[in-house]
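> One structure, as structure tokens, below. Some questions next.
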Amino acid sequence: MKRYLIECNDLKICNNAKVAKSFSSRLIGLMFKESMKDFDGLLITQCNSIHTFFMKYDLDLIFLNKDYEVIKVIENMKPWRMSLMYFSATQVLEVVAGTLQGRIVKGNKLDIKCIN
């Protein structure tokens, strides 16, 4: 599976992110997982809203358009919640809560590079 480095300006958000492209990987996402073992972010494609049902930890979320421009940032989303639907978003990056710390805002653009 390919892994990705995700940055915004000079801020590294993920050093080893996975991308969920298939129906099953997007459907399951991070549900039932104790942690993000061996990776530090999950970019879910073809996605403009998420839920945290069956999650075991809080998440920071970055909703992105097709050009990787930030549409919405949600920090510290608890398990058993749902986001709104962001119609201009085409994907969402999920990272462990506390990763963003207010450093990413609407309008920023992420840089995503394959590292393998």
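> GluC sites (Glu not before Pro) within the range 11-116: which are DSSP loop residues with at most 13 other Cβ atoms inside 10 Å?
In loop regions of the range 11-116 (DSSP not H, G, I, E or B), the sparsely surrounded GluC sites (Glu not before Pro) are Glu34.
> Per the 1.4 Å probe, what fraction of the accessible area of the chain, in percent, lies on carbon and sulfur atoms?
With neighbouring chains kept in place, the figure for the chain is 54 percent.
> Still on this model: How much of the DSSP bridge set in the chain is antiparallel, in percent, rounded to the nearest 5?
85
> Which entry in (i) 15.3; (ii) 13.9; (iii) 16.9 is this structure's computed Kirkwood radius over Cα pairs in Å?
(ii)
> Now for a different question. Name the lysines eligible as straight-distance cross-link partners of Lys106: C-alpha to C-alpha under 28 Å, and not fewer than 8 places from it in the same chain.
Lys106 reaches Lys2, Lys12, Lys18, Lys21, Lys56, Lys66, Lys72, Lys78.
> Just in the range 43-116: which trypsin sites (Lys or Arg not before Pro) are loop by DSSP and have at most 10 other Cβ atoms within 10 Å?
Passing sites in the range 43-116 are Lys66.
> Could you give the nm distance between label points at Asn16 and Ile115, where each point is 7 Å from its Cα heading toward the beta carbon?
About 0.7 nm separates the two model spin labels.
> Here's something else I'd like to know. Put Ile74, Ile6 in order of accessible area, largest first, 1.4 Å probe: what do you get?
Largest accessible area first, the residues go Ile74, Ile6.
> Further, regarding this structure: Quick one: accessible area per residue over the range 1-71, 1.4 Å probe, rounded to a whole number of Å²?
Ligands and nucleic acids excluded, the result is 53 Å² per residue.
> Efficiency by 1/(1 + (r/R0)^6): what FRET value for Leu84 and Lys56, r their Cβ-Cβ distance, R0 = 22 Å, to the nearest 0.05?
0.45
> Within the chain, what's the longest run with no chymotrypsin sites (Phe, Trp or Tyr not before Pro) in a DSSP loop and at most 13 other beta-carbon atoms within 10 Å? Give the range, please.
1-31
The values are calculated or read from the model by the stated rules, or taken from the named source; none is laboratory data. All of these numbers come straight from a predicted model, not from anything done at the bench. Note: ideal-geometry Cβ built from the backbone for every residue, glycine included; neighbour counts use all protein chains shown. Calculation scope for accessible area: heavy atoms of the full protein, side chains included, ligands and nucleic acids excluded. Shrake-Rupley method; radii C 1.70, N 1.55, O 1.52, S 1.80 Å.
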